[in-house]
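Everything below concerns the one structure shown next.
The values are calculated or read from the model by the stated rules, or taken from the named source; none is laboratory data. These figures come from a predicted structure and were not determined experimentally. All Cβ positions, even for glycine, are placed from backbone atoms using ideal geometry, and neighbour counts span all protein chains on display. The protein model used for the area step is the full one, side chains on, heavy atoms only, and it has no ligands, DNA or RNA in it. Shrake-Rupley method; radii C 1.70, N 1.55, O 1.52, S 1.80 Å.
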Amino acid sequence: MHLQLCLLLLAISASSALVGVLAADLNKEPFTIRISCGSFDDVHTAPTNTLWYRDFGYTGGRFANATRPSFIVPPLKTLRYFPLSDGPENCYYINNVPNGHYQVRLFFALVADPNLDSEPIFDVSVEGTLFSSLLSGWSSDDEKTFAEALVFVQDSSLSVCFHSTGHGDPSILSIEVLQIDDNAYKFGALSGNGTVLRTAKRLTCGSGKPAFDEDLNGIHWGGDRFWLGLKTLSSNSDDQTISTENVIAETLLAPNFYAQHMYQSAIMGTDRQPSLSFEMDVTPNKNYSVWLHFAEIENGITGEEQRVFDVLINGDTAFKDIDIIRMTGERFTALVLNKTVAVSGTTLKITLQPVEGARAIVSAIEVFEIIPAEMKTLNEEVTALRTLKGSLGLPLRFGWNGDPCVPQQHPWSGVDCQFDDTKKNWVIDGLRLHGDHLLII
């Protein structure tokens, strides 16, 4: 039977470290917080003098010096790690966050201590939804040293939680919360606060240089996206690169605010191999939002029907008869196409296949995993459980941080949850804390 914990317990009054600003519109600066985990002081990093606030908002853990596993990771010197003795779930709570749409990015590092497990394996959730799992080998793969999610904040606070799998102590170098346009990466009717987008891949073609902190001419509503630069789409392909210094029209537009230089380089097919193909590993039985970027920058292509190609995703036609000049009206103009696809296997393959005229061309590729957002536990019951935690003085090993029932892969120890179809929230159905002399079923 549903347990009305809020009738049994006293209310709790608590405060935590806060950093906040008033909500902003597109004529103002977006809300931005960057936290240098484990740091006692605010930090500025080169080359853009980026401000990272000193560590705050954490539920536990220890600070330590950091070993950065990749050049991609920002040059911060400390981290926070969470020993299993501090509980299986530990979180950061960031309050006074204006409701809206946010890019949440986390960087990971290793504890600079040879006596500790050098590579922890753990899960990460944002607002109760699991979106990233750090698996064995992550510290030797540049793209896996960070995780990014696009999420909606609806109650003026944001939680990011780290869930131990029993293999090493979760460690976090930095947290970024960057407000973006509410309509950014809107992929269809299902997009909005009911979904979380996990960035699976973001490639800029032809440049060959990875980059953060894109120059958006002072417009910060595009967040701070990392683009992995590629000179070729696959190791065994016959691709060629092309670039231009011409101004590209239709860039820096709401809601996604793409930088101009993304479209000033491209990967193109050759006479011997006019098609282009890109493959990536994905989680099976998931939906993915694919964003493809084009601009006609080849000198020899000046009019319609001189370059026409189809786009296939896993063998199915996603876009037919793409003619960049016809669709944009002129050369040196950005074109963005978006498609949602269901993938049953472990591979997502994008093929650009010419049907008329010149070879296929592409400027950038983005792929997001579409994750249904978890419904949270009823707020008054979460408050009641936290009151109970303080009243009983439960040991740290219980954790009891974040949401009691979600992510469903990591519920609180000793807590039974049940989903209430009427309220569309999780509720507490019982407690089983035998070792601490409490049993409420």
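Ligands, DNA and RNA left out, the 1.4 Å accessible surface of the stretch 122-164 is 42% carbon and sulfur atoms.
Label positions at Lys349 and Asn95, each projected 7 Å from the Cα along the C-beta direction, are separated by 5.3 nm. Shape call for the stretch 108-250 from the C-alpha gyration tensor, a ≥ b ≥ c root eigenvalues: rounded (a/c under 1.5), prolate (a/b greater than b/c) or oblate? Oblate, since a/c reaches 1.5 and b/c is not below a/b. Rounded to the nearest angstrom and listed largest first, the equivalent-ellipsoid semi-axes of the stretch 257-347 from its Cα gyration tensor are 26, 15, 13. Checking the Cα-Cα distances for Lys201/Lys286; Lys286/Lys349; Lys231/Lys286; Lys339/Lys424 against a 23 Å cut-off, the pairs over it are Lys231/Lys286; Lys339/Lys424. Full extension of the chain between Lys231 and Phe71 yields a length gain of 55.7 nm, computed as 0.36 nm times the residue separation minus the alpha carbon distance. With contacts taken as Cα pairs under 8 Å at a separation of at least 6 residues, the chain carries a relative contact order of 16 percent.
Here are labelled values, [x] 41, 34, 18; [y] 51, 30, 20; [z] 43, 23, 21, and one is the computed semi-axes √(5λ) of the Cα gyration tensor in Å for what I pasted. Which one? Calculated semi-axes √(5λ) of the Cα gyration tensor in Å: the matching label is [z]. What a 1.4 Å probe finds exposed on the stretch 299-441 is 47% carbon and sulfur by accessible area, rounded to a whole percent.
Starting from the Kirkwood radius over alpha-carbon pairs of the stretch 63-145, derive D by Stokes-Einstein at 10 °C in a medium of 1.306 mPa s and give it in µm² s⁻¹. The calculation lands on 110 µm²/s.
Counting every alpha-carbon pair across the stretch 113-155, the share separated by more than 13 Å comes to 61%. A protection proxy built from the mean count of other Cβ atoms within 10 Å ranks the segments 379-391, 182-194, most packed first, as 379-391, 182-194. Normalised by residue number, the volume inside the convex hull of the Cα atoms of the stretch 44-93 is 100 Å³ per residue. As a rough guide to protection, the peptides 221-232, 78-89 ranked by mean Cβ packing within 10 Å, highest first, stand as 78-89, 221-232. Kindly state, to the nearest 0.05, the FRET efficiency for Asn425 paired with Ser118, given R0 = 56 Å and r defined as their beta-carbon distance. After rounding to 0.05, the efficiency reads 0.90. Under 16 Å from a label point set 7 Å out along the Cα-to-Cβ vector of Asp155, the amide N atoms of the stretch 89-103 belong to 91-100. Highest mean packing first, where packing is the average number of other Cβ atoms within 10 Å per residue, the peptides 302-312, 123-133 line up as 123-133, 302-312. Distance from a point 7 Å along Cα→Cβ of Asn246 to each backbone N in the stretch 267-307: keep the residues under 15 Å and list them by number. Label zone hits: 294-307. The residues of the chain expose, per residue, 45 Å² of accessible area to a 1.4 Å probe.
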